[in-house]
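**Q** Have a look at this one before I ask anything.
The values are calculated or read from the model by the stated rules, or taken from the named source; none is laboratory data. Not measured: the values here are computed from a predicted model. A quick note on method: Cβ atoms are made from the backbone with ideal geometry, for glycine too, and the neighbour counts reach across all protein chains shown. Quick note on the areas: whole protein, heavy atoms, side chains included, nothing else; ligands and nucleic acids left out. Shrake-Rupley method; radii C 1.70, N 1.55, O 1.52, S 1.80 Å.
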Amino acid sequence: MKYFVVTYGCQMNVHESEKIAAILENMGYTLANDRNEADIIVFNTCAIREGAEDRVFGNVGNLKRLKKKNKELIIAVCGCMTQKEQTAQKLMQKFPFVDIVIGTFNIPKLRYYVEAVKKGRQFELLNEGELDETLPYKRSDKDNAWVNIMQGCNNFCTYCIVPYVRGREKSRKEENILKEIKEIVREGKHKKITLLGQNVNSYGKDLEKQVTFAKLLHDICAIEGNFTLSFMTSHPKDLTDDVIEAVKNEDKIEKFIHLPAQSGNNRILKLMNRRYTREKYLEIIDKIRQQIPNCRITSDFIVGFPSETEEEFNDTCTLVQKAKFDSIFAFMYSPREGTVASNMPDQISEKVKRERVNKLLAIEKRMQKEGKS
């Protein structure tokens, strides 16, 4: 029996697909070269942007012919997109050949759903779930090992669906994280370890025995072995001086910080519920540059947020110019049903959003060229 996993979205989803692969291999499945030879196909989905959902619907629809050829083929769709009940119901109705539709919190029970398919289609969405420390991972990257240190998010940025599909913040116990990393180092297969969380700077706040993210970094670096440590993603409002100092002083930590700004205008930042100002963000950038001159800094931006004026968009452009990022990721605002921003007035047209994202990326490209010349 062979399996094939299709992953959409962020590094968290990539790492979650490693868990899916391990569950299936423990059931006796082996990795297929492509979906045409698979006995089970799993789509691990993303809900951050509308385009990601459209691609899932299109690709799931394309499997109808495979199902006709192989009646025993199991098709499963899981992850953030299917955690939204309305979307999950639509999948069930539109694609009767899909056997399993489950949400984010159901993934640890994947074996149960696969075994239960012989009794009929499986559909279940749990509203929350505990961190499962028992499931192994089939690590897919030869050089980098992802290590999830927490799940969920408490920030409720008005454009973001993550708190609704991944729940509130839950940190893993530090001893379990350190045990996993010691095992990775002992195996000696991975040169780099990347810590994952929706907001790694919030790590430990919910634990009985409180551990700061900075302490976790120091404790990981104390593990003997030859490896480089990285982390993502940081929220500007929670990036503390002791984390910056840890990046500066620990030789094992990569001199790299990804710090999403999202906008360079204070009114838009407030509408986004980001809880920092343009001035505060630039102050953090200056602090990093002063303390770690060789640190690479990257950022994310959303253009065309509801009611964003041309002048306010220009504030984002000037912030990019002032911060002198090593690189940026720019996205057009995508309304997600269930978020506060989706109901805000003065939604920006696709044409204007496209013009703005192209302008911002052109500024970055020009700065990159000037920096290299």
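**Q** Report the label-to-label distance for Glu254 and Arg55 in nanometres (one decimal), using points 7 Å from each Cα along the Cα→Cβ vector.
**A** 2.1
**Q** With the other protein chains left in place, how much accessible area per residue, in square angstrom, belongs to the stretch 230-342 at a 1.4 angstrom probe? Kindly include the intermediate steps, with their values, before the conclusion.
**A** On the way: 4530 Å² over 113 residues.
Solvent-accessible surface per residue comes out at 40 Å².
**Q** A follow-up question, please. Just tell me which aspartates and glutamates come within less than 12 Å, Cα to Cα, of Lys119; anything on the same chain fewer than 8 places away is out.
**A** Candidates past the 8-residue exclusion: Asp99.
**Q** Got the relative contact order for the stretch 161-242 handy, in percent, Cα pairs under 8 Å and 6 or more residues apart? Before the final figure, lay out each step's value.
**A** Numbers: 80 pairs, mean separation 30.2, N = 82.
Rounded, it is 37 percent for the stretch 161-242.
**Q** Which of the pairs Lys287/Lys324; Lys324/Lys359; Lys2/Lys191; Lys2/Lys192; Lys322/Lys351 have their Cα atoms more than 19 Å apart in this structure? Don't skip to the end; give the middle numbers.
**A** Working: Lys287/Lys324 14 Å; Lys324/Lys359 16 Å; Lys2/Lys191 29 Å; Lys2/Lys192 29 Å; Lys322/Lys351 27 Å.
Pairs exceeding 19 Å: Lys2/Lys191; Lys2/Lys192; Lys322/Lys351.
**Q** Would you mind calculating the relative contact order of the stretch 1-128 from Cα pairs under 8 angstrom and at least 6 residues apart, reporting the percent as a whole number?
**A** On the way: 209 pairs, mean separation 28.2, N = 128.
Here the relative contact order equals 22 percent.
**Q** Would you mind telling me the share, in percent, of accessible area of the stretch 54-176 contributed by carbon and sulfur at probe 1.4 angstrom? Walk me through the numbers on the way to the answer.
**A** On the way: 2900 of 6090 Å².
About 48 percent, which is the carbon plus sulfur part of the accessible surface.
**Q** Still on this model: In percent, how large is the relative contact order of the chain, given Cα pairs closer than 8 Å and 6 or more residues apart? List each step's numbers first, then the result.
**A** On the way: 654 pairs, mean separation 43.5, N = 373.
Relative contact order comes out at 12 percent.
**Q** Still on this structure: Using the alpha-carbon atoms, what tilt in degrees (0 to 90, nearest 10) does helix 310-323 show relative to the longest principal axis of the chain?
**A** So the inclination is approximately 80 degrees.
**Q** Continuing with the same structure: With every protein chain left in place, what is the accessible area per residue of the stretch 64-166 in square angstrom, probe 1.4 Å?
**A** On the way: 5070 Å² over 103 residues.
About 49 Å² of surface per residue is accessible.
**Q** Now a separate question. Roughly how many whole Å is it from the C-alpha centroid of the stretch 196-250 to that of the stretch 296-373?
**A** 28
**Q** Separate question: Between Gln89 and Tyr112, what length comes free when the chain is fully extended (0.36 nm per residue of separation minus the Cα-Cα distance, one decimal in nm)? List each step's numbers first, then the result.
**A** Numbers: separation 23, 0.36 × 23 = 8.28 nm, distance 2.03 nm.
Contour length minus the Cα-Cα distance gives 6.2 nm.
**Q** OK, next. Which of the lysines could be linked to Lys90 by a straight reach, that is with a Cα gap under 17 Å, when you skip same-chain ones fewer than 8 residues away?
**A** Filter leaves Lys64.
**Q** Using 0.36 nm per residue, how much length does the chain from Lys237 to Lys287 gain when fully extended, once their Cα-Cα distance is taken away? Numbers along the way, then the final one.
**A** Details: separation 50, 0.36 × 50 = 18.00 nm, distance 1.39 nm.
Computed gain between Lys237 and Lys287 is 16.6 nm.
**Q** Roughly how tilted is helix 50-61, in degrees to the nearest 10 and between 0 and 90, from the longest Cα axis of the chain?
**A** The answer is roughly 20 degrees.
**Q** I want the antiparallel fraction of DSSP beta bridges within the chain, as a percent rounded to 5.
**A** Values: 2 of 41 bridges.
Percentage antiparallel, nearest 5: 5.
**Q** In nm, give the distance between the simple-model label positions of Arg296 and Thr30, each being 7 Å from the Cα along the Cα-to-Cβ direction.
**A** For the pair Arg296/Thr30, the computed spacing is 3.7 nm.
**Q** Next up: Pick the calculated Cα extents along the principal axes in Å for this structure from (i) 55, 46, 36; (ii) 60, 54, 44; (iii) 80, 59, 38?
**A** (ii)
**Q** Among Gln83, Phe105, Ser140, which residue has its Cα positioned farthest towards the positive end of the charge dipole of the stretch 76-211, with +1 placed on the Cβ of Lys and Arg, -1 on the Cβ of Asp and Glu, and the dipole taken about the Cα centre?
**A** Ser140
**Q** Tell me, which cysteines of the chain are without a disulfide-compatible partner by the Cβ under 4.7 Å rule?
**A** Cys with no partner Cβ under 4.7 Å: Cys10, Cys46, Cys78, Cys80, Cys153, Cys221, Cys295, Cys317.
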